[in-house]
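Have a look at the structure below, then the notes.
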Amino acid sequence: MEKDNIIVSANGISIGYTNKKVKTVIANDVTINLKAGSFTALIGANGIGKSTLLRTLTGIQLPLKGEVILNGKNINNYTAKELAQNLSIVLTEGLPPSNLTVYELVALGRQPYTNWLGTLSPEDDSKVNEALALTQLTALADKKHYEVSDGQLQSVLIARALAQDTPVIILDEPTTHLDLLHKVSLLRLLKQLTEKTGKSILYSTHDLDLALQLSDEIIVMTPEGTVQNTPEKLIESNVFDTLFTDSSIVFDKNKNGFTVL
Amino acid sequence: MQYTKPYRFLFLALGIGLVLLFLANLSLGSVNIPFKDVIQTLAGGEAAKNSWEYIILNYRLPKAITAIIVGMGLSLSGLLMQTLFRNPLAGPYVLGLSSGASLGVAFIILGAGILPGFLGSIFISSYGIIIAATLGSFAVLLAVLLVAQRLKDTMAILIVGLMFGSFTGAIVSVLTYFSTAQQLQKFTFWAMGSLGSISWKNIAILAIVCFVGIILAAACIKPLNALLLGERYAKSLGINFSKTRFIIILATSLLAGSITAFAGPIAFIGLAVPHIVKLIFRTSNHLILFWGTLLCGAMIMLLCDTITQLPGSDLTLPINAVTSIIGAPIVIWLLLRKRKGIYS
């Protein structure tokens, strides 16, 4: 897969809300490029607008200025079904109670391709099995989704996004609620998936140290602006010093992490 | 979602059960008619006694068919509500839909006196009642939905449903205060719930309206499965959520509204049957649940109706009492078992 093949791009967009014709700008001049086969992290303090940016990039929310281009087309011009075939999401929120098995849950990812009853074709079944194999969940396929651990459920939801067979997957804080071991294995899994499948994966996180070590690129949202670059270049440019407004929290280049003075 | 093969045996068993319960329902009552004569009468032949034929064709058959339609419709609307509200305790009765329908019917039966004679008689026709009941349940459902969008807490939604129930109940009480004794008697009998005394013509109307509701529900099977993951995931899978929600609400109002119009407010069937089906089939796939709910709903309503006849005696219990005696303990049991995933 060509490394410089850009799938999602936003050029100098403004993001925010329009409520009763009053525009509230969250961030201006945001430029983002997501390449095929790249693993990108989104970092920023609470309330800086990470969720707003993700909602804008997934087409749920309109940008206040400019446009988000997905596969050469404005994301807001896609039909719901077309968009579902190009972009899948993994959310932080819990699932409503149901009897879904792991297999059935992953198979729901095939909905953009199935008929009006949602019947799975042999091709759909093989895509589901492939997604389960990539996430090492094959042995759990027949378990009910509430019987697996939190870390496994996170993998199930990622498998569901894989089964949806989209060039882009966007995850909202996938490492929340997980301990260090599971955080690392989840991020490793995602990184491997970008290498194996050529998909572009974007995830938001608060774990800067892990993001620095495992991501290809990082998007940093600070009060001064939004920048995207490789971890090394970002460290060089001292951008992490501006991440938090509190001057007693400083970024330590030797540790690749923050120190509290 | 696949895995339909293991369910074939269950569906076959339920199908046979439905036929047996149907025949038992026709056979049992204040006069017990042997199975053989029931089958002969249904096949167009003659029963051993002429009176038996008369009882079956003019009294028990319409009642049994009504029971089947009512059971199917209420159970299906319960299933739709439970998935739409992501709430295992949702149902047409609990969410106040039946109360909304009652309010519509109360306006027609009790309020008809206010209108000039000929207008009143148009409104009081079966079409008038069915339209009023459907509009009543539609209005309550819209109100509950509006509140549900602001309240994420599922228990709060149920309390709001109860409040709407009390509210509409209070308006009905005010209406009864201004109505005549004759109107009041008519409304009271309706409110007790009854599957009998519905003419073949009205059964046909009920069947057509419910058929439309069932078809609309069938069209939502795929989006309903997507909604098992919640609204945001459903949208990300290409589901048009507003359209789906509108169709679900329309189907539920048609089913619950029309059934309540003719059979009165019937409690707990819509809430309990989907759970029984989920327990039997142990799945959340709405393609399976759809057929399972239709079958089990019809069976349980036939069973309740058979019990109301108190076979061998001349007494008849009110249908609502029987469904509540069966349904209320199920709700309590569900609340006690309320743990992650298990109950749904």
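The values are calculated or read from the model by the stated rules, or taken from the named source; none is laboratory data. These figures come from a predicted structure and were not determined experimentally. Ideal geometry is used to build each Cβ from the backbone, glycine not excepted, and the neighbour counts take in all protein chains shown.
Report whether or not A:T222 is touching a strand residue (DSSP E or B) at 6+ places or on another chain (Cβ under 8 Å) and over 30 Å from A:S98 (Cβ atoms). Spelling it out, A:T222 is indeed touching a strand residue (DSSP E or B) at 6+ places or on another chain (Cβ under 8 Å) and over 30 Å from A:S98 (Cβ atoms). I'm checking my understanding of the structure. Among residues of region B:259-307 that are in a loop (DSSP other than H, G, I, E, B) and within 14 Å of chain A (Cβ to nearest Cβ), which one is surrounded by the fewest Cβ atoms within 10 Å (Cβ to Cβ)? Here the residue is B:R282.
Quick one: is B:L237 crowded, with 22+ Cβ neighbours inside 10 Å and within 14 Å of chain A (Cβ to nearest Cβ)? Judged against the criteria, B:L237 is a match. The residue pairs whose first member lies in region A:89-106 and is within 14 Å of B:T283 (Cβ to Cβ) and modelled with pLDDT of 90 or more, whose second member is assigned to a loop (DSSP other than H, G, I, E, B) and of a type in the set (S, T, Y), and whose beta carbons are closer than 6 Å, counting only pairs six or more residues apart or on different chains, are A:L100/B:S284. If the condition is being more than 15 Å from B:V212 (Cα to Cα) and either touching a residue at least 60 places away in the same chain (Cβ under 8 Å) or touching a Pro at 6+ places or on another chain (Cβ under 7 Å) (or both), then region B:59-74 contributes B:Y59, B:P62, B:K63, B:A64, B:I65, B:T66, B:A67, B:I68, B:G71. Among the residues of region A:69-88, those identified as farther than 23 Å from A:I158 by Cβ and either touching a residue at least 24 places away in the same chain (Cβ under 8 Å) or more than 12 Å from chain B (Cβ to nearest Cβ) (or both) are A:I69, A:G72, A:K73, A:N74, A:N76, A:N77. Here B:T41 does not fit the description of being within 14 Å of chain A (Cβ to nearest Cβ) and either at pLDDT below 90 or touching a Cys at 6+ places or on another chain (Cβ under 6 Å) (or both).
No other residue among A:T101, A:T114 is within 18 Å of B:A226 (Cβ to Cβ), in contact with a Leu (Cβ under 8 Å, 6 or more places away or on another chain), within 9 Å of chain B (Cβ to nearest Cβ) and of a type in the set (S, T, Y) apart from A:T114. Here B:G196 fulfils each of the conditions (1) in contact with a Lys or Arg (Cβ under 9 Å, 6 or more places away or on another chain); (2) away from every other protein chain (no Cβ under 14 Å); (3) surrounded by 18 or more Cβ atoms within 10 Å (Cβ to Cβ) apart from (3). For region B:108-189, the helices (runs of 4 or more DSSP H) that sit wholly inside it and include 3 or more residues that are at pLDDT 80 or above, of a type in the set (G, A, S) and closer than 30 Å to B:L89 by Cα are B:126-150, B:154-177.
One residue stands out in region A:49-68 among those that are small (G, A, S) and either within 19 Å of A:K199 (Cα to Cα) or within 14 Å of chain B (Cβ to nearest Cβ) (or both): the one that is farthest from the chain's Cα centre (by Cα), namely A:G59.
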